[in-house]
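Novice: Got a structure here, written out as structure tokens. Questions coming.
Computed from the coordinates by the stated procedures, all read-outs in this text should not be read as laboratory data. Just so it is clear, the model here is predicted, and its values are computed rather than measured. Here the Cβ positions follow ideal geometry from the backbone for every residue, glycine too, while neighbour counts run over all protein chains shown.
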Amino acid sequence: MKKSFISASIASVLAMASASAMAAGPDFYGRLDLAVTNSDQGYTTQNGKDGTIFENNFSHLGVKGSEKIAEGFDVIYQMEFGVDNTTTSGKTFTARNTFLGLKTNFGTALVGRNDHVFKQSEGGFDLFGNTNADIDRLIIGQERVADGVWYYSPKIADLVTLNATYLLKDNQKDTQDQQYALSATLGDSKLKAHNFYVAAAYMDGIADVQAYRVLGQVKLADFKIGGLFQNSENNTYSNIEGNSYIVNLAYNLNGVNLKAEYGMDESGLGKYFQNASGLGDELAKANSTVATQFSDINVENITVGADYRIAKSTLLYGHYSMYKGDYKLAGAKLDLKDDNVFTVGVRFDF
């Protein structure tokens, strides 16, 4: 009897171990990212406020994992929620990337909410991502979308991937017939397997915009050098269109990551211009005669900063950003109010 009991116990343990080996996760993870910011105008801050404020830079909680269901077939999943109970935003929880998918030898397919592949094409290019100096302050195409389908090809020749996002028409609020994004990448976005990364991407309909971009980043010793070109056009107001250019540089000085970035935009579709000029409010209207009167948009941005990881989990960072520009409204030239933004913060990952 004792031998039978011991044998059954061993078998149960082995079975549980085997089942555990087939599943990766679920893994619980999160981030708490808080900063102190002083802004002249508040056009780029997370809560749109000027002066000296606290900012919650997309703190979140999530769970993710995978499980093998057959040889060469793995179910993958992720549920992530934005968390903000540190400021007066009024929204403790918000929706973030949440999906269910299938990973096979022929690629990976996801259904749910996620960053579209046009946004994902940035790789590690955005040196100040998820802060008030994110590249979305200058350009559009950085959205998280829902009710969509994603496909990621296997890495071809350990070098190339082809990716797509398609949003189901009947789930979308607007009348755009097709909303999709496509991208192709070359190299390694983390600059580890390869010391270079190049991406080309196109999107149409998402955020009521048609856009294409080409970007690249290369690692040379302790330097990272990157450049981005993007053309964007609003699908409703064809006069709201133009090119955007961003170049940046990062240098690792004994563990301190020094960063600098310069950008210019002619489309007017970034958050700074939309907030500073009032264009964002006009684009939100069903029909706006004011939106048709914008032209000759010119925006410039300079950001310098540094970050330092004091532990694997903890990052200290700080940066200064300056935004300025001008445009014409009904033929009259107008200057935007300059926005000078100083930020210091701490990010804790677990």
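Novice: What number, in percent, do you get for the relative contact order of the range 279-337 if the mean sequence gap of Cα pairs under 8 Å and at least 6 apart is divided by its residue count? Can you show the working numbers first?
Specialist: On the way: 79 pairs, mean separation 19.0, N = 59.
Relative CO of the range 279-337 lands at 32 percent.
Novice: Lysines within cross-link reach of LYS49: Cα-Cα under 18 Å, excluding same-chain residues under 8 positions apart?
Specialist: LYS91, LYS271, LYS324, LYS337
Novice: Taking the alpha-carbon distance from LYS103 and a cut-off under 26 Å, which lysines remain once sequence neighbours fewer than 8 residues away in the same chain are dropped?
Specialist: Of all the lysines, those that pass the test against LYS103 - Cα under 26 Å, at least 8 places apart if same chain - are LYS64, LYS68, LYS119, LYS155, LYS169, LYS190, LYS192.
Novice: I've got another one for you. Give me the number: length gained by fully extending PHE73 to LEU253, i.e. 0.36 nm times residue separation minus the C-alpha to C-alpha distance, one decimal in nm. List each step's numbers first, then the result.
Specialist: On the way: separation 180, 0.36 × 180 = 64.80 nm, distance 4.35 nm.
Result for the pair: 60.4 nm of gain on full extension.
Novice: Also: Compare the Cα positions of ALA332, ILE139, ALA306 along the charge dipole of the chain (+1 at Cβ of Lys, Arg; -1 at Cβ of Asp, Glu; about the Cα centre) and return the one farthest towards the positive end.
Specialist: Positive-end residue among those listed: ALA306.
Novice: Using helices alone, I'd like the mean residue ellipticity at 222 nm for the chain: each DSSP H run of four-plus residues gives -39500 (n - 2.57), total over residue count, nearest 500.
Specialist: The per-residue figure over the chain is -3000 deg cm²/dmol.
Novice: What's the magnitude of the charge dipole for the chain around its Cα centre, counting Lys and Arg as +1 and Asp and Glu as -1 at the beta-carbon? Answer in Debye, nearest 20.
Specialist: On the way: 31 positive and 40 negative charges, 296 e Å.
I would put it at about 1420 debye.
Novice: Please name whichever of TYR323, TYR29, GLY242 sits farthest to the positive end of the charge dipole of the chain, dipole taken about the Cα centre and charges placed at Cβ: Lys and Arg +1, Asp and Glu -1.
Specialist: TYR29
Novice: For the range 24-349, state what percent of all Cα-Cα pairs lands in each successive 20 Å bin, counting from 0 Å until the bin that includes the largest distance.
Specialist: Using 20 Å bins, I get a P(r) of 28, 62, 9, 0 for the range 24-349.
Novice: Next question. Please give every one of the aspartates and glutamates within straight-line cross-link reach of LYS312, meaning a C-alpha to C-alpha distance under 18 Å, and leave out same-chain neighbours fewer than 8 residues apart.
Specialist: ASP27, ASP33, ASP349
Novice: With point charges of +1 on the Cβ of Lys and Arg and -1 on the Cβ of Asp and Glu, referenced to the Cα centre of the range 24-349, which listed residue (VAL256, SER295, VAL209) lies farthest in the positive direction of the dipole?
Specialist: After comparing all options, I get VAL256.
Novice: Trypsin sites (Lys or Arg not before Pro) within the range 61-166: which are DSSP loop residues with at most 15 other Cβ atoms inside 10 Å? Intermediate results must be reported in sequence, preceding the final value.
Specialist: On the way: sites: LYS64, LYS68, LYS91, ARG96, LYS103, ARG113, LYS119, ARG137, ARG144, LYS155; in loops: LYS91, ARG96, LYS155.
Answer by residue number: LYS91, LYS155.
Novice: Still on this structure, please answer the following. Let me make sure I get this right: for the range 35-90, a, b and c are the square roots of the gyration tensor eigenvalues over alpha carbons, sorted descending. Under 1.5 in a/c it's rounded, otherwise prolate if a/b > b/c, else oblate. Which is it?
Specialist: On the way: a/c = 5.45, a/b = 3.68, b/c = 1.48.
Because a/c hits 1.5 or more and a/b exceeds b/c, the range 35-90 counts as prolate.
Novice: Also, quick follow-up: On a 0 to 90 degree scale, rounded to 10, what angle separates helix 2-22 from the longest Cα axis of the chain?
Specialist: It is inclined by approximately 20 degrees.
Novice: Evaluate the relative contact order of the chain (contact order divided by residue number), counting alpha-carbon pairs under 8 angstrom at least 6 apart; express in whole percent.
Specialist: On the way: 863 pairs, mean separation 45.6, N = 350.
That works out to 13 percent.
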